[in-house]
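Engineer: One structure coming up, written as structure tokens, with questions to follow.
The values are calculated or read from the model by the stated rules, or taken from the named source; none is laboratory data. No experiment lies behind these values; they were computed from the predicted model shown. Here Cβ is always computed from backbone atoms with ideal geometry, including for glycine, and neighbour counts include all displayed protein chains. The accessibility values were calculated without ligands, DNA or RNA, using every heavy atom of the protein model including side chains. Shrake-Rupley method; radii C 1.70, N 1.55, O 1.52, S 1.80 Å.
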Amino acid sequence: MIGILVVDDHPIVRDGLRGIFAAEEGFTVVGEAGDGAEAVTMAQRLLPDVVLMDLRMPGTGGVEAISRLAALGNPARVLVLTTYDTDSDVLPAIEVGATGYLLKDAPRAELVRAVRAAARGESVLSPAVASRVLGRIREPADDTLTPREVEVLGLVAQGHTNKEAARVLFLSEATVKTHLLHIYAKFGVRDRAAAVAVAYRTGLL
């Protein structure tokens with residue numbers, strides 16, 4: 001049985017999803033949460049196989065919840081199920097660890113297949129989202145890093161602290177921090193882990 005935690009701030013949506021999986025063999029909805037913070041607490045207690053996660057919710061949103069679950073080492077696969085497919089929604093969710101990303105207009109059969117695939121650890125993206133992600137990777141970059149920024153990011157990817165990177169490159173720690181801020185701005189991310197993820201995904205590292 002695939003245990004599912006349903007996370008959405010709309011009770012009607014949660015009821016609908018519970019009904020869909022109650023009618024399918026091999027699934028059990030182990031719990032429901034109305035926001036990201038509640039989702040993290042319940043996922044830690046219930047240990048579902050798959051978390052169906054909405055993104056935009058009052059209080060703690062889906063991206064932050066996914067990030068928290070990853071930091072806690074929770075083994076659940078997170079499948080985003082939302083109405084939003086903009087870059088600002090899709091990319092952060094994937095970068096912090098979402099296994100898949102579906103839109104709420106997906107056919108019932110596609111949703112069921114996606115949850116099964118997510119439970120197996122397979123990545124699942126709706127066609128619109130997949131096109132958006134590929135387009136982002138392939139677009140000509142006006143966000144090209146300087147050689148020095150690549151050096152800094154490479155050291156960060158190896159686990160070096162800012163202080164250690166500064167020592168290796170014979171720079172001040174403040175200069176390393178400035179390079180990192182420029183990298184974040186070019187990649188459209190907010191932290192070191194996300195910057196490293198983008199660099200590996202695009203082949204820069």
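Engineer: Quick check on this structure: which one of 127, 92 is over 25 Å from residue 29 (Cβ atoms) and either surrounded by 20 or more Cβ atoms within 10 Å (Cβ to Cβ) or modelled with pLDDT of 90 or more (or both)?
Structural biologist: Sole residue among the options that is over 25 Å from residue 29 (Cβ atoms) and either surrounded by 20 or more Cβ atoms within 10 Å (Cβ to Cβ) or modelled with pLDDT of 90 or more (or both): 92.
Engineer: Suppose the filter is in contact (Cβ under 8 Å) with a residue 12 or more places away in the chain, open to solvent by 30 Å² or more (accessible area, probe 1.4 Å) and in contact with a helix residue (DSSP H, G or I) (Cβ under 7 Å, 6 or more places away or on another chain); does residue 75 pass it?
Structural biologist: No: the conditions fail for residue 75.
Engineer: Still on this structure, I have one more. Of everything in the stretch 165-205, what is open to solvent by 30 Å² or more (accessible area, probe 1.4 Å) and within 19 Å of residue 64 (Cα to Cα)? Give them in sequence order.
Structural biologist: 184, 188, 190, 191, 192, 193, 197
Engineer: Residue under question is residue 85, and the condition is that it be open to solvent by less than 20 Å² (accessible area, probe 1.4 Å) and of a type in the set (D, E, K, R); does it hold?
Structural biologist: So residue 85 fails the test.
Engineer: Here is a list: 155, 181, 171, 205. Which entry is outside any helix (DSSP H, G or I) and without any contact (Cβ under 8 Å) to a residue 40 or more places away in the chain?
Structural biologist: Residue meeting the stated conditions: 171.
Engineer: Does the stretch 9-23 include one or more residues that are under 21 Å from residue 123 (Cα atoms) and open to solvent by 30 Å² or more (accessible area, probe 1.4 Å)?
Structural biologist: No - not one qualifying residue is present in the stretch 9-23.
Engineer: Right, another one. So which residues in the stretch 27-53 are in contact (Cβ under 8 Å) with a residue 40 or more places away in the chain and open to solvent by 10 Å² or more (accessible area, probe 1.4 Å), if there are any at all?
Structural biologist: Listed by number, the residues that qualify are 27, 46, 47, 49.
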